[in-house]
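For reference, the structure is listed below as structure tokens.
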Amino acid sequence: MNIQALINEKVSQALEKAGAPSGSPAAVRQSAKPQFGDYQANGVMGVAKKLGTNPREFAQKVLDELDLSNIASKTEIAGPGFINIFLNDDFLAQQAESALDDSRLGVAKEVPQTIVADYSAPNVAKEMHVGHLRSTIIGDAVVRTLEFLGHKVVRANHIGDWGTQFGMLIANLERVQQASPDSVSMELSDLEAFYRESKKLYDEDEVFAEKARNYVVKLQSGDEFCAQMWKKLVDITMEQNQRNYDRLNVSLTRDNVMGESMYNDMLPGIVADLKAKGLAEEDDGAQVVFLDEYKNKDGKPMGVIIQKRDGGFLYTTTDIACAKYRYETLGANRVLYFIDSRQHQHLMQAWTIVRKAGYIPENVSLEHHAFGMMLGKDGKPFKTRAGGTVRLAALLDEAEERASRLIEEKNPELSAEEKAKIATTVAMAAVKYSDLSKHRTTDYVFDWDNMLAFEGNTAPYMQYAYTRVASIFAKAGICMDNLEGAIIINDEKEKALVAKLLQFEESVQSVAREGQPHLMCSYLFELAGQFSSFYEACPILVAETEALKQSRLKLAALTAKTIKQGLALLGINTLEKM
């Protein structure tokens, strides 16, 4: 149950009965400190100001109308008109009991929507590098959360599989194939080298360059040979990318690929339609949409080119087609783009055109969930020592090596097989959690030491927190699912733990609503802290009575299940022992 939503509804009803205009916000929030209760209603002051009345007097009127029987043990007015709400112990215990009995831990499914999420988006004939990491793992965590809430999510991996560079790539692939038909896949195992070689041939060999330019035209007009070669390049690239996705426990598959090429046939029609609607006009031979919403440095409407003078289309044209397709063909109610913050203006311009053309109605939400850059400790973009781009596969290899050394130090007695499994699980979790735990709009400083630390808000700490709770049951030889008796709250630390456990649904919903996985990381970290305080203050296996022991075991079980489920929504696996 979402307790915040329940209290919000009750306070809203009381506000209206006390004379507030209908729909006045109750603004119920979790309290920052225990002395202010579990929740605080902050909407009274704003309403009192509008009504021209004393806020504390109005707060009293609201309290007189507020029915929180069986939910709150106490309510009080604080400061200029805040309402502090202290939850009833029996209510908390009942809710915890319900959550433990529910495979979804009390999280209700939402009214299902069709949500299209655009994330990852690597380029064809290039290896994935660290720059693709943030989009891939942030997008995947949000997608998993939305699916958990019952939405139909369409994963869209908008790969860069079209453009003039394919002429030179096809020409080079043909050259390699003619020279040695059997070694094509070997040649392409190092995609970066193949791309560089193609570019060098294009720049230095005029005959090759001419052939490459011809192949671009042929590919775009549907030539069978060029289409076959193009498909081979896409297949080899996506096969390599899939290895990275699988290692990282990212839920993307080949079926989710929706490359730029998908929208190709739509582009001429879109340009014609924008012209017919009077939105696009010819300017210096190109087709341009002038947007009043964006001004150039002279204060004039900014021109967005949708077709070049030579007839070629631009990324903006593709992005217009892409948005249109997601609404018209995929039936999206909500479209999320996990694309770096530098692309913001470009996306906003494309969407302004989409709205003006009437391709997508206002009730369908287009959301740019932007993220900052990945930086090294020096505050500059994260690069190799030689200054090159860091390959994603190389980064994951290094994470595994470092985790292996760490596991070796901490648990040398484990079998080689166990060490390898733990190292891989911890390494992938560390790479993901370290990024996911930061607010996505800020630049993120990549730091191996922090990432693999067993203290602080890190993956190893969270995985260890789960293992520690699970080990209580292993030690006692008790199964988590075979506990008896009722949950009893007779200590402040028990109450604090239960209150935090029951905020899980609020965290899940906020990640889904705001596209911010760090909210789940913060919640899980706070939950682990509350469990530690409870564990120190409230003996579990040597509790004074059997009833108390069973109750505390139930709280431990609910904690373990909540941590495991929360990490699973982030795409992170837990371990039964570390």
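Only one of these is of a type in the set (Asp, Glu), modelled with pLDDT of 95 or more and open to solvent by less than 10 Å² (accessible area, probe 1.4 Å): 514, 526, 494. Name it.
Being of a type in the set (Asp, Glu), modelled with pLDDT of 95 or more and open to solvent by less than 10 Å² (accessible area, probe 1.4 Å) holds for just one of 514, 526, 494, which is 494.
Which one of these does residue 95 not meet: (1) outside any loop (DSSP other than H, G, I, E, B); (2) within 21 Å of residue 512 (Cα to Cα)?
In the conditions (1) outside any loop (DSSP other than H, G, I, E, B); (2) within 21 Å of residue 512 (Cα to Cα), residue 95 misses (2) alone.
Kindly indicate the residue of region 282-325 that is among the acidic types (Asp, Glu), out of contact with any helix residue (DSSP H, G or I) (no Cβ under 8 Å at 6 or more places or on another chain) and at negative phi and also surrounded by the fewest Cβ atoms within 10 Å (Cβ to Cβ) among those meeting that condition.
Selected residue: 298.
Tell me which residues, restricted to region 135-162, are at pLDDT 95 or above, outside any strand (DSSP E or B) and of a type in the set (D, E, K, R).
Result: 140, 144, 147.
I need a count of the residues in region 134-148 that are of a type in the set (D, E, K, R) and open to solvent by 10 Å² or more (accessible area, probe 1.4 Å).
The number of residues fulfilling the criteria is 2.
Taking the residues in region 408-428 that are free of Cβ contacts under 8 Å to residues at least 40 places away in the same chain and buried (at least 20 other Cβ atoms within 10 Å of the Cβ) as candidates, determine which candidate is farthest from residue 245 (Cα to Cα).
In this case the residue turns out to be 423.
I need the full set of residues from region 20-42 which are within 31 Å of the chain's Cα centre (by Cα) and either under 16 Å from residue 58 (Cβ atoms) or not in a loop (DSSP other than H, G, I, E, B) (or both), in order please.
Of everything in region 20-42, those that are within 31 Å of the chain's Cα centre (by Cα) and either under 16 Å from residue 58 (Cβ atoms) or not in a loop (DSSP other than H, G, I, E, B) (or both) turn out to be 25, 26, 27, 28, 29, 30, 34, 39, 40, 41, 42.
Restricting to region 134-177, count the residues that are over 18 Å from residue 253 (Cβ atoms) and of a type outside the set (Ser, Thr, Tyr).
In the first step, residues of region 134-177 are kept if they are over 18 Å from residue 253 (Cβ atoms); the result is 134, 138, 145, 148-151, 160, 162-177.
Add one more test, that the residue is of a type outside the set (Ser, Thr, Tyr), and what stays is 134, 138, 148-151, 160, 162-163, 165-177.
The qualifying residues number 22.
Is it the case, given these coordinates, that residue 47 is modelled with pLDDT of 95 or more and either open to solvent by less than 60 Å² (accessible area, probe 1.4 Å) or outside any loop (DSSP other than H, G, I, E, B) (or both)?
It is false that residue 47 is modelled with pLDDT of 95 or more and either open to solvent by less than 60 Å² (accessible area, probe 1.4 Å) or outside any loop (DSSP other than H, G, I, E, B) (or both).
Can you list residue pairs whose Cβ atoms sit under 8 Å apart, with the first residue in region 510-534 being at positive phi and the second being open to solvent by 10 Å² or more (accessible area, probe 1.4 Å) and of a type outside the set (Asp, Glu)? Count only pairs 6 or more apart in sequence or on different chains.
515/369; 515/440
Scan (1) at pLDDT 80 or above; (2) surrounded by 13 or more Cβ atoms within 10 Å (Cβ to Cβ) for the single condition residue 207 breaks and write down its number.
(2)
Scan region 394-407 for residues that are within 22 Å of residue 244 (Cβ to Cβ) and surrounded by 15 or more Cβ atoms within 10 Å (Cβ to Cβ) and jot them down.
395, 396, 399, 400, 402, 403, 404
Check 279, 252 and return the single one that is farther than 20 Å from residue 135 by Cβ and either at pLDDT 95 or above or crowded, with 19+ Cβ neighbours inside 10 Å (or both).
279
Run down 174, 76 and say which single residue is of a type in the set (D, E, K, R), more than 16 Å from the chain's Cα centre (by Cα) and either within 19 Å of residue 338 (Cα to Cα) or in a helix (DSSP H, G or I) (or both).
Of 174, 76, the one residue that is of a type in the set (D, E, K, R), more than 16 Å from the chain's Cα centre (by Cα) and either within 19 Å of residue 338 (Cα to Cα) or in a helix (DSSP H, G or I) (or both) is 174.
Which of the residues that make up region 533-578 are open to solvent by 30 Å² or more (accessible area, probe 1.4 Å), within 19 Å of residue 137 (Cβ to Cβ) and among the hydrophobic types (A, V, I, L, M, F, W, C)?
Passing the criteria: only 568.
So, in region 496-518, exactly how many residues are farther than 19 Å from residue 560 by Cβ and part of a helix (DSSP H, G or I)? Give the steps one after another, and end with the answer.
So the first thing to find is which residues in region 496-518 are farther than 19 Å from residue 560 by Cβ, and the list is 506, 509-518.
Add one more test, that the residue is part of a helix (DSSP H, G or I), and what stays is 506, 509-514, 518.
Final tally of qualifying residues: 8.
Which one of the conditions (1) in a loop (DSSP other than H, G, I, E, B); (2) touching a residue at least 24 places away in the same chain (Cβ under 8 Å) does residue 349 fail to meet, given that it meets all the rest?
Result: residue 349 fails condition (1) only.
Return a yes/no flag: does region 327-347 have any residue that is of a type outside the set (Gly, Ala, Ser), more than 16 Å from residue 269 (Cβ to Cβ), more than 19 Å from the chain's Cα centre (by Cα) and crowded, with 21+ Cβ neighbours inside 10 Å.
no
What pairs come up if the first residue lies in region 493-506 and is closer than 18 Å to residue 33 by Cβ, the second is open to solvent by 10 Å² or more (accessible area, probe 1.4 Å) and of a type in the set (Val, Ile, Thr), and their beta carbons are under 8 Å apart, counting only those six or more places apart or on different chains?
Pairs found: 495/489; 498/487; 498/489.
For the subset of region 149-167 comprising residues that are in contact with a helix residue (DSSP H, G or I) (Cβ under 6 Å, 6 or more places away or on another chain) and open to solvent by 10 Å² or more (accessible area, probe 1.4 Å), which member is farthest from residue 315 (Cα to Cα)?
Selected residue: 153.
Name the pairs: first residue in region 210-232 and in contact (Cβ under 8 Å) with a residue 60 or more places away in the chain and open to solvent by less than 90 Å² (accessible area, probe 1.4 Å), second residue of a type outside the set (D, E, K, R) and not in a helix (DSSP H, G or I), Cβ to Cβ under 9 Å, at least 6 apart or on different chains?
230/124; 230/162
Given (1) surrounded by fewer than 15 Cβ atoms within 10 Å (Cβ to Cβ); (2) in contact with a strand residue (DSSP E or B) (Cβ under 6 Å, 6 or more places away or on another chain); (3) not β-branched (Val, Ile, Thr), where does residue 440 come up short, assuming only one miss?
Of (1) surrounded by fewer than 15 Cβ atoms within 10 Å (Cβ to Cβ); (2) in contact with a strand residue (DSSP E or B) (Cβ under 6 Å, 6 or more places away or on another chain); (3) not β-branched (Val, Ile, Thr), only one is false for residue 440: (1).
So, in region 1-19, of the ones that are part of a loop (DSSP other than H, G, I, E, B) and of a type in the set (A, V, I, L, M, F, W, C), which residue ends up farthest from residue 498 (Cα to Cα)? Can you show your working first?
As a first pass, look at region 1-19 and keep what is part of a loop (DSSP other than H, G, I, E, B): 1-2, 18-19.
Retained after the next criterion (residues that are of a type in the set (A, V, I, L, M, F, W, C)): 1, 18.
Numbers: 1: 13, 18: 32 Å.
Ranking the qualifying residues of region 1-19, first place goes to 18.
Write out, first by first residue and then by second, each pair whose Cβ atoms fall under 9 Å of each other, whose residues are 6+ apart or on separate chains, and whose first residue, in region 355-384, is over 27 Å from residue 143 (Cβ atoms) while the second is at pLDDT 95 or above and in a loop (DSSP other than H, G, I, E, B).
356/277; 356/279; 357/277; 357/279; 358/277
Test residue 431 against the criterion of being open to solvent by 10 Å² or more (accessible area, probe 1.4 Å) and closer than 22 Å to residue 340 by Cα, and give yes or no.
Taking the combined requirement at face value, the residue does not satisfy it.
If residue 389 satisfies every condition in (1) under 26 Å from the mean Cα position of the chain (by Cα); (2) modelled with pLDDT of 90 or more; (3) within 30 Å of residue 518 (Cα to Cα); (4) surrounded by 14 or more Cβ atoms within 10 Å (Cβ to Cβ) but one, which is the exception?
(2)
The values are calculated or read from the model by the stated rules, or taken from the named source; none is laboratory data. Note that the structure is predicted; figures quoted are calculated from it, not measured. With ideal geometry, Cβ positions are generated from the backbone for all residues, glycine too; neighbour counts draw on all protein chains shown. Remember, those area values only see protein heavy atoms, side chains included, never the ligands or the DNA or RNA. Shrake-Rupley method; radii C 1.70, N 1.55, O 1.52, S 1.80 Å.
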